[in-house]
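Nothing in this text is a laboratory measurement; each read-out follows from the coordinates by a stated rule. In this text the structure is predicted, and so the values were computed from the model without any measurement. Cβ atoms come from the backbone with ideal geometry, glycine included; neighbour counts cover every protein chain shown.
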């Protein structure tokens, strides 16, 4: 349930409504716009009579939310959420490109790649330090040493950093080195991990599970937001279908659907969706045209020798070409590419 306060309602009136809801055992999440406050009521609201609160001083209306997700719903927050990271805004007018290797392998590989993507216009450096691999014999990542390299490369080239956290014990050590914590597709419904990152005050990039519906995806974001962390970025990375021509099927339609249902920003990962570098660029162009707030692109200085996902990683010169193409497309959808 959502309680919409009157425009420019006095703080005392807002606090009175919050106090009454808290007294009855409900969690209250506050969203304040330029001149209006909205209160999200979480709990068993079937026991509430909306008329009781409509009569309280300062209340404009009480709206029941039919969706099972509340805090991520656009009913709760009509305006877009903008996540600010290291000087760039995700969810606003800018289209933010995040790029880098799937896995951090060594210093020269990471720094060469970071230099190339920064020069081309990327604003966030991606790189995996802990890697969830299907095979137990595959390279599992450099761990904390990789994170140190990621932070150093980000600082050297003026890039924010994003890396995947796989378990609760990794959160605290990672906070020093990354600007955005990534929850991978395999962990989208790891509810203990989602609740844990909800307790930190650092942006979270939440990838869609490979078989998840949009509602399940938004409910996963709800776990994070319920903990108090409102800086959630959704990432469409392709879902598993019957098609075998690509690694996954990029659900382009999820981008406008999310924009209608939720206030959270959404980016696209065409690298994991296609699994092939020759498909990454057209899917990236389509995602931006469909309204994506950003892209997550795998780029490697020498993809043929990559320890992980080389076939889906762009060569640096291909990434430059993609950025040039995006500078043509972005203005057509009334956005900017910083």
### Task
Enter the angle in degrees (range 0 to 90, nearest 10) between the Cα long axis of helix 107-120 and the first principal axis of the Cα atoms of the chain, meaning the one along which they spread out most.
70
#### Entry: Listed peptides 256-265, 76-85 by packing density, highest first (mean Cβ within 10 Å)
256-265, 76-85
### Task
Treating the angle as unsigned and between 0 and 90°, give the value, to the nearest 10°, between the Cα long axis of helix 144-157 and the longest Cα principal axis of the chain.
90
### Query
Between residue 172 and residue 52, what FRET efficiency comes out of the Förster formula 1/(1 + (r/R0)^6) with R0 = 51 Å and r the beta carbon distance, rounded to 0.05?
0.75
### Query
Pick from 135, 274, 287: which residue has the top mean-square fluctuation in a GNM of the chain where Cα pairs under 10 Å get a spring?
135
### Query
Using mean Cβ contacts within 10 Å as the protection proxy, how do 60-67, 233-240 order, highest first?
233-240, 60-67
### Message
If the elastic network links every pair of Cα atoms under 10 Å, which of 21, 206, 326 fluctuates the most in the Gaussian network model of the chain?
### Response
21
## Note on the structure
To the nearest 10 degrees, the tilt of helix 316-332 (Cα long axis) against the first principal axis of the alpha carbons of the chain is 40
### Query
Per-residue ellipticity at 222 nm for the chain, helices alone: DSSP H runs ≥ 4 residues times -39500 (n - 2.57), over residue total, nearest 500 deg cm²/dmol?
-10500 deg cm²/dmol
### Query
Sorted by average packing, counted as other Cβ atoms within 10 angstrom per residue and highest first, what order do 291-301, 48-58, 100-110 take?
291-301, 100-110, 48-58
